[in-house]
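Q: First the structure, then my questions, so here it is.
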Amino acid sequence: MASVCINNVQKHYGTYHALKGVSTQMSDGEFVVLVGPSGCGKSTLLRMIAGLEGISEGTIEIGSKVVNNLRPKDRDVALVFQNYALYPHMTEEQNMSYALRLMKTPKNVIEEKIGSAARILNITDLLKRYPRQLSGGQRQRVAMGRAIVRDPQVFLFDEPLSNLDAKLRVQMRAEIKQLHQRLKTTIVYVTHDQIEAMTMAEKIVVMRDGAIEQIGSPLELYDRPRNEFVAGFIGSPSMNFIPGSVRDGLFVANSTTHLPLPAGARVDVATYGIRPEHLKLDDAGFPAEVVVIEPMGFSTQIIAKIADTLITVISSERLVLQPGSTVHLMPHVPAVHLFDRSGLRISD
Ligand code: ADP
Ligand code: MG
(Lines give C-alpha, C1' and ligand atoms only; values in the text may rest on other atoms or scores of the structure.)
(Ligands and ions follow the chains in the order given, each with its own letter.)
Protein backbone atom coordinates (compact mmCIF):
# COMPACT_ATOMS: atom_id res chain seq x y z
CA MET A 1 0.00 0.00 0.00
CA ALA A 2 1.17 3.51 -0.70
CA SER A 3 0.01 7.09 -1.04
CA VAL A 4 0.00 8.80 -4.44
CA CYS A 5 0.84 12.47 -4.75
CA ILE A 6 0.26 14.40 -7.96
CA ASN A 7 2.05 17.76 -8.01
CA ASN A 8 1.11 20.33 -10.64
CA VAL A 9 1.16 17.76 -13.44
CA GLN A 10 0.87 18.92 -17.03
CA LYS A 11 0.52 16.95 -20.24
CA HIS A 12 1.05 18.24 -23.75
CA TYR A 13 0.26 16.06 -26.76
CA GLY A 14 2.04 18.16 -29.38
CA THR A 15 0.16 21.46 -29.29
CA TYR A 16 -2.78 20.00 -27.35
CA HIS A 17 -2.74 20.83 -23.63
CA ALA A 18 -4.43 17.73 -22.15
CA LEU A 19 -3.63 18.30 -18.44
CA LYS A 20 -3.27 21.87 -17.23
CA GLY A 21 -1.65 21.65 -13.82
CA VAL A 22 -3.32 18.92 -11.78
CA SER A 23 -2.53 18.52 -8.07
CA THR A 24 -4.13 16.03 -5.72
CA GLN A 25 -3.18 13.56 -3.02
CA MET A 26 -4.40 10.04 -2.49
CA SER A 27 -3.81 8.71 1.00
CA ASP A 28 -2.46 5.27 1.71
CA GLY A 29 -5.35 2.81 1.41
CA GLU A 30 -7.82 5.35 0.05
CA PHE A 31 -10.37 4.64 -2.72
CA VAL A 32 -10.20 7.66 -5.02
CA VAL A 33 -12.36 8.08 -8.11
CA LEU A 34 -11.39 10.41 -10.96
CA VAL A 35 -14.62 11.40 -12.68
CA GLY A 36 -15.48 13.76 -15.51
CA PRO A 37 -16.86 13.89 -19.04
CA SER A 38 -15.18 11.95 -21.83
CA GLY A 39 -11.97 13.64 -23.00
CA CYS A 40 -11.27 15.57 -19.79
CA GLY A 41 -7.94 13.79 -19.19
CA LYS A 42 -8.77 11.03 -16.69
CA SER A 43 -7.08 8.19 -18.58
CA THR A 44 -4.11 10.38 -19.37
CA LEU A 45 -3.58 11.05 -15.66
CA LEU A 46 -4.03 7.38 -14.74
CA ARG A 47 -1.61 6.27 -17.47
CA MET A 48 0.92 8.79 -16.18
CA ILE A 49 0.65 7.22 -12.70
CA ALA A 50 1.14 3.80 -14.32
CA GLY A 51 4.15 5.01 -16.31
CA LEU A 52 2.57 4.40 -19.71
CA GLU A 53 2.54 8.10 -20.58
CA GLY A 54 5.33 10.65 -20.11
CA ILE A 55 4.89 13.56 -17.69
CA SER A 56 5.40 16.91 -19.48
CA GLU A 57 5.76 18.91 -16.24
CA GLY A 58 5.27 18.35 -12.52
CA THR A 59 5.88 15.24 -10.43
CA ILE A 60 4.08 12.07 -9.42
CA GLU A 61 5.06 10.37 -6.19
CA ILE A 62 4.08 6.87 -5.14
CA GLY A 63 4.81 6.21 -1.47
CA SER A 64 6.75 9.51 -1.25
CA LYS A 65 9.13 8.44 -4.05
CA VAL A 66 9.10 10.50 -7.27
CA VAL A 67 8.37 8.01 -10.07
CA ASN A 68 8.57 10.31 -13.11
CA ASN A 69 11.53 8.41 -14.53
CA LEU A 70 10.69 4.92 -13.27
CA ARG A 71 9.63 2.27 -15.77
CA PRO A 72 6.05 0.93 -15.40
CA LYS A 73 7.23 -2.41 -14.01
CA ASP A 74 9.28 -0.68 -11.32
CA ARG A 75 6.35 1.36 -10.00
CA ASP A 76 4.59 -1.51 -8.25
CA VAL A 77 1.15 -0.61 -9.59
CA ALA A 78 -1.40 -2.83 -11.36
CA LEU A 79 -3.71 -1.50 -14.05
CA VAL A 80 -7.14 -2.95 -14.92
CA PHE A 81 -8.59 -1.77 -18.25
CA GLN A 82 -12.05 -1.55 -19.69
CA ASN A 83 -11.27 -4.10 -22.41
CA TYR A 84 -9.73 -6.64 -19.96
CA ALA A 85 -6.72 -7.24 -22.25
CA LEU A 86 -6.61 -10.97 -21.48
CA TYR A 87 -4.44 -13.27 -23.63
CA PRO A 88 -6.93 -15.34 -25.67
CA HIS A 89 -4.65 -18.38 -25.92
CA MET A 90 -4.14 -18.63 -22.14
CA THR A 91 -6.50 -20.10 -19.56
CA GLU A 92 -7.73 -17.98 -16.69
CA GLU A 93 -5.02 -19.47 -14.50
CA GLN A 94 -2.28 -18.74 -17.05
CA ASN A 95 -3.55 -15.19 -17.59
CA MET A 96 -3.50 -14.54 -13.87
CA SER A 97 -0.06 -16.05 -13.32
CA TYR A 98 1.62 -14.49 -16.35
CA ALA A 99 3.30 -11.56 -14.59
CA LEU A 100 4.40 -13.76 -11.68
CA ARG A 101 5.94 -16.31 -14.05
CA LEU A 102 7.85 -13.51 -15.79
CA MET A 103 9.22 -12.50 -12.39
CA LYS A 104 10.29 -16.13 -11.78
CA THR A 105 8.07 -16.42 -8.72
CA PRO A 106 8.28 -19.96 -7.24
CA LYS A 107 5.51 -22.27 -8.43
CA ASN A 108 4.03 -22.93 -5.00
CA VAL A 109 3.79 -19.19 -4.28
CA ILE A 110 2.02 -18.63 -7.63
CA GLU A 111 -0.46 -21.41 -6.88
CA GLU A 112 -1.20 -20.01 -3.46
CA LYS A 113 -1.74 -16.47 -4.76
CA ILE A 114 -3.98 -17.62 -7.60
CA GLY A 115 -6.01 -19.81 -5.28
CA SER A 116 -6.51 -16.94 -2.89
CA ALA A 117 -7.42 -14.38 -5.61
CA ALA A 118 -9.79 -16.84 -7.28
CA ARG A 119 -11.53 -17.43 -3.95
CA ILE A 120 -11.89 -13.69 -3.32
CA LEU A 121 -13.35 -13.18 -6.81
CA ASN A 122 -15.43 -16.36 -6.81
CA ILE A 123 -13.87 -17.76 -10.01
CA THR A 124 -12.23 -20.92 -8.61
CA ASP A 125 -14.33 -23.17 -10.88
CA LEU A 126 -13.20 -21.34 -14.02
CA LEU A 127 -9.41 -21.60 -13.67
CA LYS A 128 -8.99 -23.95 -16.65
CA ARG A 129 -11.21 -21.97 -19.03
CA TYR A 130 -10.07 -19.71 -21.85
CA PRO A 131 -11.35 -16.12 -22.10
CA ARG A 132 -13.72 -17.04 -24.96
CA GLN A 133 -15.45 -19.47 -22.58
CA LEU A 134 -16.14 -16.73 -20.02
CA SER A 135 -18.89 -14.13 -19.76
CA GLY A 136 -18.04 -10.41 -19.67
CA GLY A 137 -18.36 -10.29 -15.90
CA GLN A 138 -16.14 -13.36 -15.47
CA ARG A 139 -13.47 -11.89 -17.77
CA GLN A 140 -13.53 -8.71 -15.75
CA ARG A 141 -12.99 -10.76 -12.60
CA VAL A 142 -10.03 -12.53 -14.20
CA ALA A 143 -8.55 -9.15 -15.15
CA MET A 144 -8.91 -8.06 -11.53
CA GLY A 145 -7.45 -11.35 -10.35
CA ARG A 146 -4.40 -10.75 -12.50
CA ALA A 147 -3.94 -7.43 -10.72
CA ILE A 148 -4.56 -8.86 -7.24
CA VAL A 149 -1.96 -11.66 -7.49
CA ARG A 150 0.72 -9.05 -8.06
CA ASP A 151 -0.09 -7.56 -4.66
CA PRO A 152 0.72 -4.03 -5.87
CA GLN A 153 1.10 -0.83 -3.86
CA VAL A 154 -1.68 0.80 -5.89
CA PHE A 155 -4.52 -0.51 -8.08
CA LEU A 156 -5.36 1.61 -11.11
CA PHE A 157 -8.74 1.01 -12.77
CA ASP A 158 -9.73 2.63 -16.08
CA GLU A 159 -13.50 2.38 -16.65
CA PRO A 160 -13.42 -1.35 -15.81
CA LEU A 161 -17.20 -1.79 -15.86
CA SER A 162 -18.06 0.04 -19.10
CA ASN A 163 -18.44 -3.14 -21.17
CA LEU A 164 -20.84 -4.83 -18.76
CA ASP A 165 -24.62 -4.68 -18.84
CA ALA A 166 -26.40 -2.46 -16.34
CA LYS A 167 -27.26 -5.17 -13.82
CA LEU A 168 -23.79 -6.68 -13.78
CA ARG A 169 -22.28 -3.21 -13.42
CA VAL A 170 -24.21 -2.66 -10.22
CA GLN A 171 -23.08 -6.05 -8.90
CA MET A 172 -19.40 -5.53 -9.84
CA ARG A 173 -19.49 -2.06 -8.28
CA ALA A 174 -20.33 -3.63 -4.93
CA GLU A 175 -17.73 -6.38 -5.46
CA ILE A 176 -14.92 -3.91 -6.16
CA LYS A 177 -15.91 -1.95 -3.08
CA GLN A 178 -15.84 -5.13 -0.99
CA LEU A 179 -12.49 -6.00 -2.51
CA HIS A 180 -11.12 -2.68 -1.34
CA GLN A 181 -12.57 -3.14 2.14
CA ARG A 182 -10.81 -6.49 2.28
CA LEU A 183 -7.42 -5.69 0.72
CA LYS A 184 -7.22 -2.03 1.85
CA THR A 185 -4.89 -1.24 -1.06
CA THR A 186 -4.92 2.30 -2.49
CA ILE A 187 -7.23 2.43 -5.54
CA VAL A 188 -7.34 5.12 -8.21
CA TYR A 189 -10.45 4.45 -10.27
CA VAL A 190 -11.38 6.32 -13.46
CA THR A 191 -14.96 6.60 -14.70
CA HIS A 192 -17.22 9.01 -16.59
CA ASP A 193 -20.17 7.66 -14.58
CA GLN A 194 -20.97 9.84 -11.61
CA ILE A 195 -23.08 7.09 -10.02
CA GLU A 196 -20.02 4.83 -9.92
CA ALA A 197 -18.08 7.69 -8.39
CA MET A 198 -20.75 8.41 -5.76
CA THR A 199 -21.28 4.80 -4.78
CA MET A 200 -17.68 3.60 -4.67
CA ALA A 201 -15.38 6.48 -3.77
CA GLU A 202 -14.11 7.64 -0.43
CA LYS A 203 -12.83 10.68 -2.28
CA ILE A 204 -13.96 11.99 -5.67
CA VAL A 205 -11.82 14.18 -7.93
CA VAL A 206 -14.06 15.92 -10.48
CA MET A 207 -12.21 16.89 -13.67
CA ARG A 208 -13.12 19.01 -16.68
CA ASP A 209 -11.00 20.06 -19.66
CA GLY A 210 -7.70 18.92 -18.17
CA ALA A 211 -8.19 20.56 -14.77
CA ILE A 212 -9.67 19.66 -11.39
CA GLU A 213 -13.00 21.30 -10.59
CA GLN A 214 -13.45 20.00 -7.04
CA ILE A 215 -12.21 17.32 -4.65
CA GLY A 216 -14.33 15.93 -1.82
CA SER A 217 -16.27 13.03 -0.38
CA PRO A 218 -19.36 11.98 -2.37
CA LEU A 219 -21.78 13.77 -0.05
CA GLU A 220 -19.61 16.89 0.26
CA LEU A 221 -19.79 17.25 -3.52
CA TYR A 222 -23.52 16.52 -3.54
CA ASP A 223 -24.36 18.95 -0.74
CA ARG A 224 -21.81 21.69 -1.42
CA PRO A 225 -20.76 21.70 -5.08
CA ARG A 226 -18.34 24.52 -5.74
CA ASN A 227 -19.91 25.56 -9.02
CA GLU A 228 -22.69 24.83 -11.51
CA PHE A 229 -20.57 22.29 -13.37
CA VAL A 230 -20.07 20.06 -10.33
CA ALA A 231 -23.65 20.66 -9.19
CA GLY A 232 -24.97 19.48 -12.55
CA PHE A 233 -22.52 16.61 -12.98
CA ILE A 234 -22.97 14.98 -9.57
CA GLY A 235 -26.46 13.62 -8.90
CA SER A 236 -29.00 11.81 -11.05
CA PRO A 237 -31.35 13.11 -12.27
CA SER A 238 -29.37 16.35 -12.40
CA MET A 239 -29.95 19.43 -10.31
CA ASN A 240 -32.46 21.89 -11.84
CA PHE A 241 -31.02 25.26 -12.83
CA ILE A 242 -33.44 28.15 -13.14
CA PRO A 243 -32.13 31.47 -14.48
CA GLY A 244 -33.45 34.76 -13.10
CA SER A 245 -32.64 37.52 -10.63
CA VAL A 246 -33.31 38.65 -7.06
CA ARG A 247 -36.07 41.19 -6.46
CA ASP A 248 -37.56 42.18 -3.09
CA GLY A 249 -36.11 39.15 -1.32
CA LEU A 250 -37.46 36.62 -3.84
CA PHE A 251 -35.89 34.95 -6.85
CA VAL A 252 -37.82 35.97 -9.94
CA ALA A 253 -37.55 33.35 -12.66
CA ASN A 254 -39.97 34.99 -15.05
CA SER A 255 -42.72 37.53 -14.61
CA THR A 256 -44.99 35.01 -12.88
CA THR A 257 -42.64 32.67 -11.04
CA HIS A 258 -41.32 33.79 -7.67
CA LEU A 259 -39.13 31.37 -5.74
CA PRO A 260 -38.34 31.60 -2.03
CA LEU A 261 -34.75 32.36 -1.01
CA PRO A 262 -32.83 31.54 2.17
CA ALA A 263 -32.71 34.48 4.61
CA GLY A 264 -29.90 36.91 3.83
CA ALA A 265 -29.32 35.68 0.27
CA ARG A 266 -27.11 37.97 -1.79
CA VAL A 267 -28.61 40.06 -4.54
CA ASP A 268 -26.25 38.91 -7.29
CA VAL A 269 -27.81 35.46 -7.67
CA ALA A 270 -28.15 34.59 -11.37
CA THR A 271 -29.15 30.91 -11.15
CA TYR A 272 -31.36 29.07 -8.69
CA GLY A 273 -30.36 25.44 -8.25
CA ILE A 274 -32.66 22.85 -6.72
CA ARG A 275 -32.39 19.06 -6.81
CA PRO A 276 -35.41 17.06 -8.07
CA GLU A 277 -36.04 15.51 -4.64
CA HIS A 278 -36.13 18.94 -2.99
CA LEU A 279 -39.25 20.10 -4.88
CA LYS A 280 -42.51 19.05 -3.23
CA LEU A 281 -46.05 19.22 -4.56
CA ASP A 282 -47.73 21.88 -2.44
CA ASP A 283 -50.64 24.21 -3.25
CA ALA A 284 -48.68 27.12 -1.78
CA GLY A 285 -45.83 26.57 -4.25
CA PHE A 286 -45.10 28.05 -7.68
CA PRO A 287 -47.02 26.83 -10.74
CA ALA A 288 -45.42 24.64 -13.42
CA GLU A 289 -46.87 22.89 -16.45
CA VAL A 290 -46.60 19.08 -16.49
CA VAL A 291 -44.82 17.86 -19.63
CA VAL A 292 -44.10 14.18 -18.97
CA ILE A 293 -44.83 11.74 -16.12
CA GLU A 294 -42.48 8.81 -15.55
CA PRO A 295 -43.75 6.21 -13.08
CA MET A 296 -40.68 4.48 -11.57
CA GLY A 297 -42.51 2.22 -9.15
CA PHE A 298 -40.83 3.36 -5.96
CA SER A 299 -41.22 7.01 -7.05
CA THR A 300 -42.68 9.21 -9.75
CA GLN A 301 -40.59 11.50 -11.91
CA ILE A 302 -42.27 14.58 -13.33
CA ILE A 303 -40.78 16.73 -16.07
CA ALA A 304 -42.43 20.16 -15.85
CA LYS A 305 -41.93 23.56 -17.40
CA ILE A 306 -41.66 27.07 -16.00
CA ALA A 307 -41.45 29.59 -18.81
CA ASP A 308 -38.82 28.03 -21.11
CA THR A 309 -37.02 26.02 -18.43
CA LEU A 310 -37.66 22.28 -18.03
CA ILE A 311 -37.34 21.01 -14.49
CA THR A 312 -37.40 17.54 -12.98
CA VAL A 313 -39.26 16.63 -9.81
CA ILE A 314 -39.08 13.34 -7.94
CA SER A 315 -41.95 12.44 -5.67
CA SER A 316 -42.08 9.34 -3.51
CA GLU A 317 -45.82 9.15 -4.14
CA ARG A 318 -47.63 7.46 -7.02
CA LEU A 319 -49.16 10.44 -8.78
CA VAL A 320 -51.83 10.52 -11.46
CA LEU A 321 -51.25 13.68 -13.48
CA GLN A 322 -52.12 14.68 -17.02
CA PRO A 323 -49.58 16.27 -19.36
CA GLY A 324 -50.55 19.92 -19.83
CA SER A 325 -52.01 20.24 -16.33
CA THR A 326 -50.56 22.56 -13.72
CA VAL A 327 -48.76 21.43 -10.57
CA HIS A 328 -47.63 23.65 -7.70
CA LEU A 329 -44.11 23.07 -6.44
CA MET A 330 -42.48 24.20 -3.22
CA PRO A 331 -38.67 24.21 -2.98
CA HIS A 332 -37.13 22.99 0.28
CA VAL A 333 -35.38 26.29 1.00
CA PRO A 334 -32.45 24.95 3.10
CA ALA A 335 -31.51 22.73 0.14
CA VAL A 336 -31.45 25.55 -2.44
CA HIS A 337 -28.12 26.22 -4.21
CA LEU A 338 -27.50 29.75 -5.48
CA PHE A 339 -25.00 30.60 -8.19
CA ASP A 340 -23.61 33.90 -9.42
CA ARG A 341 -23.24 34.97 -13.03
CA SER A 342 -19.89 33.18 -13.36
CA GLY A 343 -21.42 29.88 -12.15
CA LEU A 344 -19.80 29.90 -8.70
CA ARG A 345 -21.95 28.72 -5.81
CA ILE A 346 -22.67 31.50 -3.34
CA SER A 347 -25.05 29.89 -0.86
CA ASP A 348 -23.93 27.83 2.15
P1 ADP B 1 -10.69 10.69 -20.76
O2 ADP B 1 -10.04 9.43 -20.27
O3 ADP B 1 -11.05 11.65 -19.65
O4 ADP B 1 -11.88 10.43 -21.63
P5 ADP B 1 -8.16 11.10 -22.12
O6 ADP B 1 -7.22 11.23 -20.99
O7 ADP B 1 -8.16 9.80 -22.84
O8 ADP B 1 -9.63 11.49 -21.66
O9 ADP B 1 -7.84 12.22 -23.18
C10 ADP B 1 -7.77 13.60 -22.84
C11 ADP B 1 -7.57 14.41 -24.09
O12 ADP B 1 -6.28 14.16 -24.64
C13 ADP B 1 -8.57 14.08 -25.20
O14 ADP B 1 -8.95 15.28 -25.82
C15 ADP B 1 -7.80 13.19 -26.13
O16 ADP B 1 -8.26 13.33 -27.45
C17 ADP B 1 -6.38 13.70 -25.97
N18 ADP B 1 -5.40 12.62 -26.18
C19 ADP B 1 -5.31 11.47 -25.47
N20 ADP B 1 -4.29 10.70 -25.90
C21 ADP B 1 -3.70 11.39 -26.91
C22 ADP B 1 -2.58 11.15 -27.78
N23 ADP B 1 -1.85 10.03 -27.66
N24 ADP B 1 -2.29 12.10 -28.68
C25 ADP B 1 -3.01 13.23 -28.77
N26 ADP B 1 -4.07 13.52 -28.01
C27 ADP B 1 -4.41 12.63 -27.07
MG1 MG C 1 -10.54 7.41 -20.67
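The values are calculated or read from the model by the stated rules, or taken from the named source; none is laboratory data. None of these values were measured; they are calculated from a predicted model. Please note: Cβ atoms are built from the backbone with ideal geometry, for glycine as well, and neighbour counts cover all protein chains shown. Heavy atoms of the whole protein, side chains included, go into the accessibility calculation; ligands, DNA and RNA do not. Shrake-Rupley method; radii C 1.70, N 1.55, O 1.52, S 1.80 Å.
Q: In the neighborhood of residue 106, defined by Cβ-to-Cβ distances under 12 Å, what is the net charge if each Lys or Arg adds +1 and each Asp or Glu adds -1? Display every interim value, and only then the final one.
A: Numbers: positive: 101, 104, 107, 113; negative: 111, 112.
Once positives and negatives cancel, what remains is +2.
Q: Among all helices in the chain defined by DSSP H, which have a length of 24 Å or more along the axis from Cα atoms plus a Kyte-Doolittle mean of at least -1.0?
A: Qualifying helices: 166-183.
Q: Scan around residue 227 for amide H atoms under 5 Å from its own, H built in the peptide plane at 1.01 Å from N, and keep only partners 5 or more places away or cross-chain.
A: 345
Q: Please give the charge dipole size of the range 2-94, origin at the Cα centre, charges +1 on K and R Cβ atoms and -1 on D and E Cβ atoms. Round to the nearest 20 debye. Intermediate values should be presented prior to the final figure.
A: Values: 8 positive and 9 negative charges, 74 e Å.
Around 360 debye, computed over the range 2-94.
Q: Follow-up question, since we're still on this one. Based on Cβ point charges of +1 for Lys and Arg and -1 for Asp and Glu, what charge dipole magnitude is obtained for the range 4-233 about its Cα centre, in debye rounded to the nearest 20? Please report the intermediate quantities before stating the final value.
A: Numbers: 30 positive and 25 negative charges, 151 e Å.
The calculated dipole for the range 4-233 is roughly 720 debye.
Q: Then there's this: Determine the sum of side-chain charges near residue 7: Lys and Arg each +1, Asp and Glu each -1, restricted to other residues whose C-beta is under 12 angstrom from that of residue 7. List each step's numbers first, then the result.
A: On the way: positive: none; negative: 57, 61.
Surrounding charge for residue 7 is -2.
Q: Taking a ≥ b ≥ c as the square roots of the Cα gyration tensor eigenvalues, with a/c under 1.5 meaning rounded and otherwise prolate when a/b beats b/c, else oblate, which class fits the range 123-165?
A: oblate
Q: A further question on this structure: In the range 240-339, with Lys and Arg counted as +1 and Asp and Glu as -1 at Cβ, which of these residues, 241, 265, 324, has the Cα nearest the positive end of the dipole, that is, farthest along it?
A: Selected residue: 265.
Q: Still on this structure, please answer the following. What Rg and what Dmax come out for the chain when only alpha-carbon atoms are used, in angstroms?
A: Just the Cα atoms of the chain yield Rg and Dmax of 24.1, 78 Å.
Q: Got a sec to turn the phi values of the range 2-11 into Karplus ³J(HN,Hα) couplings, 6.51 cos²θ - 1.76 cosθ + 1.60 with θ = phi - 60°, whole Hz, x for Gly and Pro?
A: Result, rounded to whole Hz: 7, 7, 10, 10, 9, 10, 6, 7, 10, 9.
Q: Between residue 116 and residue 266, what is the spin-label point distance in nm, taking each point 7 Å from the Cα along the Cα→C-beta axis?
A: Roughly 5.4 nm, to one decimal.
Q: Moving on. For the range 63-204, what is Rg from Cα atoms divided by 2.2 N^0.38 Å, rounded to two decimals?
A: That works out to 1.03 for the range 63-204.
Q: Compare the peptides 282-288, 304-310, 235-241 by average per-residue count of other Cβ atoms within 10 angstrom and give them in order, highest first. Mind showing how you got there, number by number?
A: On the way: 282-288: 13.7, 304-310: 15.4, 235-241: 17.7.
The densest-packed peptide leads the list: 235-241, 304-310, 282-288.
Q: Still on this model: At 222 nm, what value in deg cm²/dmol follows for the chain if DSSP H runs of at least 4 each add -39500 (n - 2.57) and the sum is divided by all its residues, to the nearest 500? Spell out each step's value before the answer.
A: Working: 8 runs with 85 residues, N = 348.
Here the helix-only value at 222 nm equals -7500 deg cm²/dmol.
Q: Starting from 0.36 nm per residue, how many nanometres of slack lie between residue 211 and residue 340 once their C-alpha separation is accounted for?
A: Net length gain for the segment: 44.3 nm.
Q: I would also like to ask the following. Kirkwood Rh and Cα-based Rg: tell me the resulting Rg over Rh for the range 240-339, rounded to two decimals. All intermediate terms of the calculation are to be shown ahead of the outcome.
A: Values: Rg = 13.3 Å, Rh = 13.7 Å.
We get a ratio of 0.97 for the range 240-339.
Q: Starting from one equal scatterer on each C-alpha and no solvent at all, send me the Debye-based log10 I(q)/I(0) for the range 1-133 at q = 0.22, 0.23 Å⁻¹, two decimals.
A: -1.27, -1.33
Q: Here's something else I'd like to know. How much FRET efficiency would the formula 1/(1 + (r/R0)^6) give for residue 250 and residue 13, where r is the Cβ-Cβ distance and R0 is 56 Å, rounded to 0.05? All intermediate terms of the calculation are to be shown ahead of the outcome.
A: Values: r = 49 Å, r/R0 = 0.88.
So, using R0 = 56 Å, E works out to roughly 0.70.
Q: Still on this structure, I have one more. Could you work out how much longer the chain between residue 56 and residue 102 gets when fully extended? Use 0.36 nm per residue separation minus the Cα distance between them, nm to one decimal.
A: Extra length available between residue 56 and residue 102 comes to 13.5 nm.
Q: Sort 316, 116 by accessible area with a 1.4 Å probe, largest first.
A: These residues rank, largest area first, as 316, 116.
Q: With a cut-off of 8 Å between alpha carbons and a minimum separation of six or more residues, what is the relative contact order of the chain in percent?
A: For the chain, the relative contact order is 16 percent.
Q: When the C-alpha atoms of the range 147-229 are aligned to their principal axes, what extent does each axis show, in angstrom, from largest down?
A: 41, 30, 23
Q: With +1 on the Cβ of every Lys and Arg and -1 on the Cβ of every Asp and Glu, and nothing else charged, how large is the dipole of the range 240-339 about its Cα centre, in debye rounded to the nearest 20?
A: Using only the charged Cβ atoms, the result is roughly 120 debye.
Q: What length, rounded to one decimal in nm, is gained on full extension from residue 64 through to residue 325, with 0.36 nm per residue of separation minus their alpha-carbon distance? Don't skip to the end; give the middle numbers.
A: Working: separation 261, 0.36 × 261 = 93.96 nm, distance 6.16 nm.
Full extension from residue 64 to residue 325 adds 87.8 nm.
Q: Same structure, new question: If r is the Cβ-Cβ distance from residue 177 to residue 23 and R0 is 22 Å, what FRET efficiency results, to the nearest 0.05? List each step's numbers first, then the result.
A: Values: r = 26 Å, r/R0 = 1.20.
Plugging the Cβ-Cβ distance into 1/(1 + (r/R0)^6) gives 0.25.
Q: Using alpha-carbon pairs under 8 Å, 6+ residues apart, how would you state the relative contact order of the range 263-348 in percent?
A: Here the relative contact order equals 40 percent.
Q: Can you return the lysines within cross-link range of residue 20? Criterion is Cα-Cα under 16 Å, with same-chain partners fewer than 8 residues away left out.
A: List returned: 11, 42.
Q: Please list 3J(HN,Hα) in residue order for the range 205-215, calculated via the Karplus relation 6.51 cos²θ - 1.76 cosθ + 1.60 where θ = phi - 60°; whole Hz, with x for glycine and proline.
A: Working through the residues one at a time gives 10, 8, 10, 8, 6, x, 9, 8, 8, 6, 10 Hz.
Q: Another question, then. Of 212, 253, 229, which is farthest on the positive side of the dipole of the chain, counting Cα position, with +1 on Lys and Arg Cβ, -1 on Asp and Glu Cβ, and the Cα centre as origin?
A: 212
Q: Sort the following peptides by mean Cβ neighbour count (other Cβ atoms within 10 Å, averaged over residues), highest first: 329-336, 155-162. Walk me through the numbers before you get to the answer.
A: Working: 329-336: 16.8, 155-162: 22.5.
In descending order of packing, they fall as 155-162, 329-336.
Q: How many percent of the accessible area of the chain is carbon or sulfur, using a 1.4 Å probe?
A: Here carbon and sulfur together make up 50 percent of the probe-accessible area.
Q: Considering only the range 4-233, what is the antiparallel percent among its DSSP beta bridges, to the nearest 5?
A: 55
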